[in-house]
Amino acid sequence: MADLASTAHEGERLQKVLARVGVGSRRTCEALIANGQVTVDGEIAVLGRRVDPDTALIEVDGAPIGVRPGLVYYLLNKPAGVVTTTADPQGRPTVVELVPAEPRVFPVGRLDADTEGLLLLTNDGELTYRLTHPSYGVEKEYVAEVQGAPKRAALRRLREGIELEDGITAPARATLVDDSVVRLTIHEGRNHQVRRMCEAIGHPVMRLVRTRIGPIFDRSLMPGVWRPLAVDEIRALEVAVASNQGAAPEG
Ligand code: URA
């Protein structure tokens, strides 16, 4: 009895959780609950219900929102010198050694050993597929310190597309942050793409940092440190891959 009483007062109001992850306005979410369209861990929820959004399986009309149990999502600030793989034959440190060993997670896409910055690791294969498949075109933002000072014409080439050995790059966003620092946003994921693009305009990369993956960024995460994604960040990633499916490259 005591347990029941305490759980009823814990957690967040269900309509608040639903509204935060984008199901609808608070009022719409209340109506969905009142209509019996929302279940928590398989049971129809009543208005006033509180949940722990990190553990509850919340469904609207049978479709899960937020995180499914058992799936984990980490955001790591990868330091230079760490390889984006699960095991390295050369014995270099790997990204999976920087996050919890259980449950087993895999990096989403790849950063070069010398590249720093944000990397997602998860055991959610579906989301990994969507985030890495070119047809979903999720944006990645990089800040590159380059040799020399790129001029406007060089930045325009980055924006309009550059002929690389594996084809022309899709239109990108490129702005100068400082004389030798370029912020580049691309939505392809070819090998060494940013380094090759900068090399092609005559400004080889000296240092490369990924600063954003779709809606995910975190300026306060220190190199070598990871944190779990918040439920609304996971939801935002899902929205990003859903809305970008088959999207034509910008331009
Ligand atoms: N582009 C690169 O050249 N390297 C990376 O690690 C990521 C993007």
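The values are calculated or read from the model by the stated rules, or taken from the named source; none is laboratory data. Model, not experiment: these values are computed from the prediction. Because the Cβ atoms are built from the backbone with ideal geometry, glycine has one as well, and the counts that use them run over all protein chains shown. To get the accessible areas, we keep the full protein, side chains included, count just its heavy atoms, and leave off ligands, DNA and RNA. Shrake-Rupley method; radii C 1.70, N 1.55, O 1.52, S 1.80 Å.
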- Query: Along its principal axes, what span do the Cα atoms of the chain show, with the longest given first and each in whole Å?
  - Reply: 70, 42, 30
- Query: Could you give the accessible area per residue of the chain, probe 1.4 Å, as a whole number in Å²?
  - Reply: 53 Å²
- Using a simple charge model, +1 on the beta-carbon of Lys and Arg, -1 on the beta-carbon of Asp and Glu, nothing else, what dipole does segment 125-197 show about its Cα centre, in debye to the nearest 20? 200 debye
- Message: Quick check on packing: order 108-119, 125-136 by the mean number of other C-beta atoms within 10 Å, highest mean leading.
- Response: 108-119, 125-136
- Task: Using Cα positions and a limit of under 21 Å, work out the lysines in reach of residue 140, with same-chain residues fewer than 8 apart set aside.
- Result: 78
- Would you list which aspartates and glutamates come within 12 Å of residue 151, measuring only between C-alpha atoms, while excluding same-chain residues fewer than 8 positions from it? 178, 179
- Accessible carbon and sulfur surface of the chain relative to its total accessible area, %, 1.4 Å: 52 percent
- Item | Per-peptide average of other Cβ atoms within 10 Å, ordering 151-157, 79-85 highest first | 79-85, 151-157
- Message: To the nearest 20 Debye, how big is the dipole of the chain about its Cα centre, given +1 on the beta carbon of each Lys and Arg and -1 on that of each Asp and Glu?
- Response: 760 debye
- Query: Could you give the distance between the Cα centres of segment 151-190 and segment 192-219, to the whole Å?
  - Reply: 9 Å
